[in-house]
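Structure first, then comments.
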Amino acid sequence: MKLLKVRAWEKSFESAKSKGYNLKGQMYIPIKHGMGYHHLLGRPNGEALYGAWCALCACLSGKEKPRQGYLTDTTRPDGAPLTARDIAEMTGFQTRTIRSMIMACKSHKIGWLISDDDDKDTTGIPQGYHRGLSGDPPLPNQAKPLPSPPPSQTKPSPSPGVTPEDTETATAGKTDGVSDDGVGCSGQEAGPTQLHNDVAKRILASGSSSLTDMTTLLSACGVAPIRVSLDYARRFTAIQIKAVVRSVRKSGDVRNLGGLVRSKLNRLAGGDKRGGASERKA
């Protein structure tokens, strides 16, 4: 039977100062929980197994120096090997719990207990405390960089003050034939989708008059890009915008809905200016 020892005892359970103590009154133990910790707690009665592991380490820490982490009465390879019953008597745990803990901790997934033959194997280092040798594959508990998503799955971030729904709607409503100022170069715009219709109906049916909702309503009607919708929402009242959208939607010409809405709003703005000029002449 191979003699077991705690992996990397001096690095994980001793300090430069504690190595000089003949007898220690306290125990050093790693507090960074890696995959071995989670694998152990994931077992049936895992909490008891972890408690037994801590008790075992405390017993080994209480031995005289030099402490080397072997499961012997001296913690050194020349000492008498400890059985599960011996450790149970030393810790006060039940023998079957100690036996289950030893079997779990020497498993490949946890690897907290090893033999001298396994000492060069770095795949089961406990609790993420040690690095692999140069050229070794990454350890199981080391984070790996996430792959970058393909360009087709990336979405543009929304502008400040504009909801993601607004951005998505405006992007869907924009076509290659629309210039930066919102005027159609080709005179053709894509008609609104069912999602756009649902958004427009919801806002028209609501009593909302917020700037965000009016911008979203215009975007859903195909007024793009979104800064154009936002500009119209600032220039006109919610009553004016809703009235224009309702009249255009009733006409049934949804293929150029955005262009018709812009045209009517521009005429409304021109009429207001002419009315104001007439009043001033009077």
field: Residue check, D117 in a helix (DSSP H, G or I), more than 23 Å from Y50 (Cα to Cα) and modelled with pLDDT of 50 or more
entry: yes
- prompt: Here are some residues: P30, P77. Which one is within 17 Å of I114 (Cβ to Cβ), assigned by TED's automatic domain parsing to the domain that holds D116 and modelled with pLDDT under 90?
  reply: P30
field: Pair list, Cβ under 9 Å, 6 or more apart: region 222-244 residue in contact (Cβ under 8 Å) with a residue 40 or more places away in the chain, other residue surrounded by fewer than 17 Cβ atoms within 10 Å (Cβ to Cβ) and in a helix (DSSP H, G or I)
entry: A224/T171; P225/T171; I226/T171; L230/L211
task: Test G259 against the stated conditions and say whether it is at pLDDT below 55 and either out of contact with any His (no Cβ under 6 Å at 6 or more places or on another chain) or surrounded by 14 or more Cβ atoms within 10 Å (Cβ to Cβ) (or both).
output: no
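Every residue, every condition in (1) hydroxyl-bearing (S, T, Y); (2) surrounded by 14 or more Cβ atoms within 10 Å (Cβ to Cβ); (3) part of a helix (DSSP H, G or I), yes or no:
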position	(1), (2), (3)
K2	no, no, no
K5	no, yes, no
A16	no, no, no
G25	no, no, no
K32	no, no, no
G36	no, yes, yes
L40	no, yes, yes
P44	no, no, no
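The values are calculated or read from the model by the stated rules, or taken from the named source; none is laboratory data. Note that the coordinates shown come from a computational prediction; the quantities given were computed from them, not determined experimentally. Note: ideal-geometry Cβ built from the backbone for every residue, glycine included; neighbour counts use all protein chains shown.
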